[in-house]
Structures are given as C-alpha cells and as structure tokens.
1. Compute the Rg/Rh shape ratio of the stretch 12-162: radius of gyration over Kirkwood radius, all on alpha-carbon atoms.
2. Extension gain residue 19-residue 122, at 0.36 nm per residue separation less the Cα-Cα distance, in nm?
3. Can you tell me how much longer the chain between residue 59 and residue 133 gets when fully stretched, taken as 0.36 nm per residue apart minus their C-alpha distance, in nm with one decimal?
4. Apply 1/(1 + (r/R0)^6) to the Cβ-Cβ distance of residue 92 and residue 115, taking R0 = 22 Å, and write down the FRET efficiency to the nearest 0.05.
5. Label-point separation (nm) for residue 26 and residue 2, each offset 7 Å from Cα along Cα-to-Cβ?
6. Give me the number: length gained by fully extending residue 66 to residue 84, i.e. 0.36 nm times residue separation minus the C-alpha to C-alpha distance, one decimal in nm.
7. For the chain, find the longest principal axis of its Cα atoms and tell me its angle to the long axis of helix 45-55, 0 to 90°, nearest 10.
C-alpha cells in the first residue's frame, strides 16, 4: 500500500512545475495587480504576490497544476492516444477541459474570481498570452495558460474580498467612534 502524499510534497511539486514551465509568481502577480488596481489605488505588488502564494496553498489548485502540466508535457512528447493527443496539442477550441479544470480551481473565490477568469481567458493578459500563443519555448500549454488565469483570477478575487472586509471593519470602527463622540457630547 502506498503512503499518503504529504501536502508539503504536493505544494513543492506544483511550484516546481510552474517554474519548470517558465511561470513565476511575479508573472502571476503582475496580472493580479493589473486586474485589481483600478478598484484599489493603494494596492501594492507585495499584496499581489502574497495573494498568489495564498492561492497556491490550496490543495485543489496544486492538484490542478500537477494534472494540467502533466497532460501538456505528455502532449509535447506525443505520448497521448488519439484523438486526445491532437486535441491537447492543437489546443482545440471545443475541447474545453482545460478551462473546466482551471475554472474548478477558481470556484472557491467567488463570482469576482469567476468573472475575472472569463476575462483573462478571453483577453490573454501578460504571461497568459505568451503561453497561449506558444511564443518562447514552443511547448504545449493548453492547460497551463488556463491554470495561470485561474490562479490570477483567484488571487484577484481574494484581494477584492479582503479589501471589502477591511472597508467594513473601518466602517465599523468609525461607527463606534461616532457613538463614543455622541455619548461624550450628551454627558
């Protein structure tokens, strides 16, 4: 009986796969920044990088990376049976499984992440475009471009929700301060 694979091993393997395929955390954070700065003028690149790392802590994301990249690599080596080999190698438009895997990993971050994923899938921002057009290394990135879009969309959704939480907390503190001032004026 095989031993259970530890979370640490899975996380390291997923991060290694991204790096091996030429995707950096900074590449993804750049997309997150572009997606969120119009709504948060105080957003920093450090927050975007942190959000990408937090998203990559999720086992579902790690598993999606491992499966998707493995299928891309097998297609590069012509090791898949037909017609799957051709579907993945050519990134067939009606294949859709690549988007389905990536979209599944986004669902935990709300409708903002889902709509951001749709935008990124359509407009191919940043490194997503490079991966989709196969410029650079010439490899198969049928799954990887969508996975990167999913990670960026999830990190964007996470930032948007955290910003709202902070605004709500600030509103609550302001309300408490206003009540205190009113009580002091009555006394």
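1. Details: Rg = 14.6 Å, Rh = 15.2 Å.
When Rh is taken as the Kirkwood radius, the ratio is 0.96.
2. Details: separation 103, 0.36 × 103 = 37.08 nm, distance 2.40 nm.
Stretched fully, the residue 19-residue 122 segment lengthens by 34.7 nm.
3. Working: separation 74, 0.36 × 74 = 26.64 nm, distance 2.82 nm.
Going from the current span to full extension adds 23.8 nm.
4. Working: r = 25 Å, r/R0 = 1.12.
Once the sixth-power term is evaluated, E becomes 0.35.
5. 3.6 nm
6. Details: separation 18, 0.36 × 18 = 6.48 nm, distance 1.79 nm.
That pair, residue 66 and residue 84, stretches by 4.7 nm at full extension.
7. Helix 45-55 sits at roughly 60 degrees to that axis.
The numbers here are math on the coordinates, done by the rules we state, and not lab data. Everything numeric in this text was worked out from a predicted model, so none of it was measured. So basically every Cβ, Gly included, is an ideal-geometry build from the backbone, and we count neighbours across all protein chains shown.
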